[in-house]
Amino acid sequence: MTSNIAHFNGELAPLDRISISPLDRGFIFGDGVYEVIPVYEGAMLRGREHFERLQRSMDEIRLANPHSVDEWLAITQQLLAHHPGNQSVYIQVTRGAPPKRDHVMPKDLKPTVFMMVQPLASPPREAIENGVACITHEDFRWTKCHIKSTSLLGNVLARQLSADVGATETILLRDGLVTEASSSNVFVVKDAVVAAPPQDNLILLGITYDLVTRLAAEGAVRLEIRPITEAELRSADEVWLTSSTKEVLAVTTLDGKPVGSGKPGPVFRRMHALYQEHKARLRKSRPVTA
Ligand SMILES: Cc1ncc(COP(=O)(O)O)c(C=O)c1O
């Protein structure tokens, strides 16, 4: 078996040879940020946007970025040279490993950079054609969900609630409004108009969310960004999940009840087609040497 090459602090090494200090603040405090970028046949989908979001997350946690966006893109291409095909790249930057445990942010600590590549499992045909089941739950996470932080305990606990009942996601509600799901954004459709929750501190501004809003504009699909009530979620014609690995998926049951007709709806099918066309254009535009 060929070894799985990863990146650690500027060096490429087999994943199973990398070791990280137990004092690393990523391990001790979850004091770090991350990104996940989908890659199709060597071409990153919205790589620049992912590294721009990484910069915003680092700014929010007062962590100096060791690389410019262009450097990050180049480092990722080097790593991808070892991983042909469809992949997802995971990038994590923590505040580093100080000599002792202390909540206060140490000055001049070198951040820890870790990147690995895993095969990208796009949603199975069954999920695209029939949709997926979701449950709802109160959003019990913190109020800085716009930071793509490695402190994911709230998201892990939320996701497990749906996993426990064999559902794909847990859609979260805060004060009667839809925020997002444990690792995806949420859209609803009523009378052919799509709605997405506002881009505030209560959701992660998904790179896919942003792409879907752009594809809607290009494809003449009506889309509004505004608060979505629980009642609107429960009476929607269609509900969608979006993320870099889920792409766009239709939710066809919510808390065991059918959403709309109980089948992926026409607006979903249109957006799914726009998304696949966008991916196909990415592959065509990819320079042969990239
Ligand atoms: C909480 C949360 N919201 C939304 C998303 C979707 O973000 P993206 O489209 O950038 O993958 C994710 C992705 O992991 C997430 O963890």
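The values are calculated or read from the model by the stated rules, or taken from the named source; none is laboratory data. Computed from a predicted structure; not experimentally measured. No Cβ is skipped: glycine too gets one built from the backbone with ideal geometry, and neighbour counts run over all protein chains shown. All accessible areas refer to the heavy atoms of the entire protein, side chains included, with ligands and DNA or RNA removed. Shrake-Rupley method; radii C 1.70, N 1.55, O 1.52, S 1.80 Å.
Results, tabulated for the structure shown:
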| quantity | calculated |
| --- | --- |
| The chain, accessible area per residue, ligands and nucleic acids excluded (1.4 Å, Å²) | 49 |
| Reach of Lys100 by Cα under 20 Å, taken over aspartates and glutamates that are not fewer than 8 positions away in the same chain | Asp24, Asp31, Asp108 |
| Residue-level accessible surface for Glu247, protein heavy atoms, 1.4 Å, Å² | 10 |
| Calculated log₁₀ intensity ratio I(q)/I(0) where the Debye formula runs over C-alpha points of region 113-211, q = 0.13, 0.24, 0.25 Å⁻¹ | -0.52, -1.47, -1.50 |
| Extension gain from Leu157 to Tyr90, taking 0.36 nm per residue of separation minus the Cα-Cα distance | 22.0 nm |
| Most to least accessible of Thr208, Thr245 (protein chains only, probe 1.4 Å) | Thr245, Thr208 |
| Longest segment of the chain lacking trypsin sites (Lys or Arg not before Pro) that sit in a DSSP loop with at most 13 other Cβ atoms within 10 Å | 145-221 |
| FRET efficiency, 1/(1 + (r/R0)^6) with R0 45 Å, evaluated for Arg214 and Phe27 via beta carbons | 0.75 |
| Which listed pairs, of Lys144/Lys246; Lys107/Lys148; Lys110/Lys246; Lys144/Lys284, have C-alpha distances above 26 Å, in listed order | Lys110/Lys246; Lys144/Lys284 |
| Interchain or long-range residues, amide H under 5 Å from Gly96's placed H | Arg25, Gly26, Thr112 |
| Proximal charge balance of Phe29 [Cβ under 11 Å; K/R count +1, D/E count -1] | 0 |
| Net length gained if the chain between Glu71 and Asp59 were fully extended (0.36 nm per residue, minus Cα distance) | 2.6 nm |
| Degrees separating the helix 47-60 axis from the principal Cα axis of the chain, which is the longest one | 70 |
| FRET E, pair Lys190, Arg125, Förster distance 30 Å, beta-carbon r, rounded to 0.05 | 0.65 |
| Apportionment of accessible area to carbon and sulfur, the chain, percent (1.4 Å) | 55 |
| Solvent exposure, largest accessible area first (probe 1.4 Å, DNA, RNA and ligands not counted), of Phe140, Phe8, Phe187 | Phe140, Phe8, Phe187 |
| Helix-derived mean residue ellipticity, 222 nm - over the chain, DSSP H n ≥ 4, -39500 (n - 2.57), to 500 | -9000 deg cm²/dmol |
| Where a label projected 7 Å from the Cα of His137 along Cα→Cβ would reach, residues of region 184-205 with amide N under 15 Å | 184 |
| Long-range Cα-Cα pairs in region 1-84 (distance over 18 Å), rounded percent | 52 |
| Zero-based 5 Å bins, Cα pair distances in the chain, whole percents | 1, 5, 12, 15, 17, 16, 14, 10, 6, 3, 1, 0 |
| Length released on extending from Asp175 to Val104, taking residue separation times 0.36 nm less the Cα-Cα span | 22.3 nm |
